[in-house]
Amino acid sequence: MKQLVVLSGKGGTGKTSISAALAFEIHQQLQQELVIIDADVDAANLALLYHPDVRMETIFVDAEVARIDDARCTACGICAETCRFDAVIPGTPYAIDPIACEGCAACTLVCPTQAISLQKEASGKWYVSQSPVGPMLHAELDPGGENSGKLVTLLKQQGTAASQENQAPIMLVDGPPGTGCPAIAACSGADLALLVTEPGLAAFLDLKRIHATAKHFNLPCVLCINKADINPSIKLQIMAWAAQENIPLIGEVDFDEQMLQCVLQGEIITQAYPLSKAARQIQALWPGVKTEFGL
Ligand code: SF4
Ligand code: SF4
């Protein structure tokens, strides 16, 4: 099984639309089920395009937060003085703000009556679903939920098991924006990163950041420039940088009203409008990926 992670370093580049459309094209070409993972657990939206049938829903329990045993609290206030995260709410008894609590345990050590303990807290849900192209793993982290990197790792472990079970040739991971823990977890174990950018200064800067992250983990990268025709001068700068960094440019996708329509209607362009310009340009990414995979 080959693992492709799609990254952008920034939201709003069209990464998820391209991931979904590319997965659909790969499925068409191989006539085999793939495994797809939405690793953007903080703002998952691949399911909005794939409308998968949820087969299993599991609570994600990972974060630890402090809890005060009211009966033991003497309202001395030592915990509030100790907490660096302003997570203790004064009162009689004192209480903990579970959103602000980082689970550092400092308060548990100073409480003179041992009224505070750390408890596991549910911070989201993860799902095993069936999409039109194969098994799909996705999740929803609660607002303020922690450990998104761990949740991405869990999805990828489940995805790897599903790939083995289904003998899926490809696992496609729609990565999260940014370069933090979830992005690093999304890169882990991948064979290739497809970097999706758009010709804008902010996107270019974030592209360089995510490429530096991928490079740090020795992850080979290929590049796709989305909305490639909207800013020719920055597009040329991106192309020059990619050439300098030895990142193969495997495709460009021009701005296409039908792509926009698909986002608004929750559709996948290679499925809904396979003959549109953008769909044909996304279909053309697969040979580039295939070559890099040595397939
Ligand atoms: S340190 Fe313990 S006893 Fe004091 S206010 Fe906090 S929970 Fe209550
Ligand atoms: S566990 Fe840490 S962050 Fe949470 S309330 Fe206690 S001191 Fe504050």
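Numbers at a glance
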| quantity | calculated |
| --- | --- |
| Residues satisfying the stated conditions in segment 112-127, i.e. open to solvent by less than 40 Å² (accessible area, probe 1.4 Å), under 29 Å from the mean Cα position of the chain (by Cα) and not hydroxyl-bearing (Ser, Thr, Tyr) | 124, 126 |
| Matching entry among 290, 235, 208, 227 (being modelled with pLDDT under 95 and basic (Lys, Arg)) | 290 |
| Tabulated pairs, segment 191-219, first within 19 Å of residue 16 (Cβ to Cβ), second open to solvent by 10 Å² or more (accessible area, probe 1.4 Å) and in a helix (DSSP H, G or I), C-beta under 6 angstrom, 6+ apart or interchain | 192/292; 196/15; 199/234; 199/235 |
| Those residues of segment 115-136 which are within 16 Å of ligand 1 (Cβ to nearest atom) and assigned to a strand (DSSP E or B), in sequence order | 116, 117, 118, 119 |
| Selection count where residues are basic (Lys, Arg) and closer than 16 Å to residue 193 by Cα, scope segment 280-295 | 1 |
| Selection status of residue 169, open to solvent by 20 Å² or more (accessible area, probe 1.4 Å) and out of contact with any Leu (no Cβ under 8 Å at 6 or more places or on another chain) | no |
| Of residues in segment 62-111 being of a type in the set (Lys, Arg) and within 10 Å of ligand 2 (Cβ to nearest atom), the one least open to solvent (accessible area, probe 1.4 Å) | 67 |
| Every pair of residues 6+ apart whose Cβ atoms lie under 7 Å, when the first sits in segment 72-99 and is within 7 Å of ligand 1 (Cβ to nearest atom) while the second is part of a helix (DSSP H, G or I) and not hydrophobic (A, V, I, L, M, F, W, C) | 93/70 |
| Selection count, segment 128-160, where residues are open to solvent by 40 Å² or more (accessible area, probe 1.4 Å) and closer than 22 Å to residue 67 by Cα | 5 |
| Single residue of 5, 35, 41 found to be touching a Pro at 6+ places or on another chain (Cβ under 7 Å), closer than 30 Å to residue 190 by Cβ and at pLDDT 95 or above | 35 |
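The values are calculated or read from the model by the stated rules, or taken from the named source; none is laboratory data. These numbers were taken from a predicted model, which means no experiment stands behind them. Every residue, glycine as well, gets a Cβ built from its backbone with ideal geometry; the counts of neighbours run over all protein chains shown. What goes into the accessible areas is simple: the full protein's heavy atoms, side chains included, and nothing from ligands, DNA or RNA. Shrake-Rupley method; radii C 1.70, N 1.55, O 1.52, S 1.80 Å.
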